[in-house]
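The values are calculated or read from the model by the stated rules, or taken from the named source; none is laboratory data. If you're wondering where the values come from, they're calculated on a predicted model, not measured in any experiment. Every residue, glycine among them, receives a Cβ derived from its backbone with ideal geometry; neighbour counts consider all protein chains shown. With ligands, DNA and RNA removed, areas are computed over all heavy atoms of the protein, side chains included. Shrake-Rupley method; radii C 1.70, N 1.55, O 1.52, S 1.80 Å.
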Amino acid sequence: NTAIGYAAMQENTTGATNTALGRSALNANTTASNNTAVGSNALVANTTGAGNTAIGEGTMLANTTGSSNVAVGLIAGDGITTGDFNVFVGKGAGHGTTTADSNVAVGESSFVLNTTGASNTALGANSLASNTTASNNTAVGKLALYANTTGTQNVALGTNALDAAVTVNNNTAIG
């Protein structure tokens, strides 16, 4: 293990091959291994979640047992607690996600309100930003599927594509 910074990896007992760089990075980690936390409070609450990478201040700060997640950018994925296999890149990307699995969000504030929606892809600033529990959506482009909260099985390609759709299902919009 490598820990640099005040209270970095402070509670570690048997966790191995972890890297913590920054104030309180991986602070609560006890037995989890193969985590990388870079930035103040990155993965601060993680206890047993393994194989996570968190780069940026406050990234994945609520994660406790979620594994195999990647978060890069200020407060990216900061709400995730137990979700697995998520990728969040950009300031605030995946901010509200708590227990959801297998999501990809790239772009500032993309997928910002999601809590439990799974298997979604959001590429572009504010794409799928209002999504809360919906799953299996693909939004590519700034503001694509922006207002969607619970609609599933949608594909929106292009800036503002399906941006006003709130609860619709099984739609495809290009342009």
Please list, ordered by first then second residue, the pairs with beta carbon atoms under 8 Å, 6 or more apart or interchain, first in the stretch 142-154 and farther than 9 Å from Val168 by Cβ, second of a type in the set (D, E, K, R).
-> Leu143/Asp163; Ala144/Asp163; Leu145/Asp163; Tyr146/Asp163; Ala147/Asp163
When the stretch 94-115 is checked residue by residue, the ones that are open to solvent by 10 Å² or more (accessible area, probe 1.4 Å) and of a type in the set (A, V, I, L, M) are Val104, Val106, Val112, Leu113
Name the single residue, out of those in the stretch 125-147 being hydrophobic (A, V, I, L, M, F, W, C) and open to solvent by less than 30 Å² (accessible area, probe 1.4 Å), that is nearest to Ile75 (Cα to Cα).
-> Ala129
Which of the residues belonging to the stretch 148-175 are within 12 Å of Thr138 (Cα to Cα), assigned to a loop (DSSP other than H, G, I, E, B) and open to solvent by less than 60 Å² (accessible area, probe 1.4 Å)?
-> Asn148, Gly151, Thr152, Asn154, Gly158, Ala161, Leu162, Asn171
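Yes or no, residue by residue, for (1) over 23 Å from Val104 (Cα atoms); (2) open to solvent by less than 20 Å² (accessible area, probe 1.4 Å):
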{"position": "Ala25", "(1), (2)": "yes, yes"}
{"position": "Asn46", "(1), (2)": "no, yes"}
{"position": "Ile55", "(1), (2)": "no, no"}
{"position": "Asn69", "(1), (2)": "no, yes"}
By residue number, the members of the stretch 71-93 that are among the charged types (D, E, K, R), crowded, with 22+ Cβ neighbours inside 10 Å and within 18 Å of Ser127 (Cβ to Cβ) are none
For the stretch 83-136, what are the residues that are β-branched (Val, Ile, Thr) and either touching a residue at least 60 places away in the same chain (Cβ under 8 Å) or part of a loop (DSSP other than H, G, I, E, B) (or both)?
-> Thr97, Thr98, Thr99, Val112, Thr115, Thr116, Thr132, Thr133
Go through Ala122, Ala50, Ala118 for me and flag whichever is of a type in the set (A, V, I, L, M), open to solvent by less than 30 Å² (accessible area, probe 1.4 Å) and out of contact with any Leu (no Cβ under 8 Å at 6 or more places or on another chain).
-> Ala118
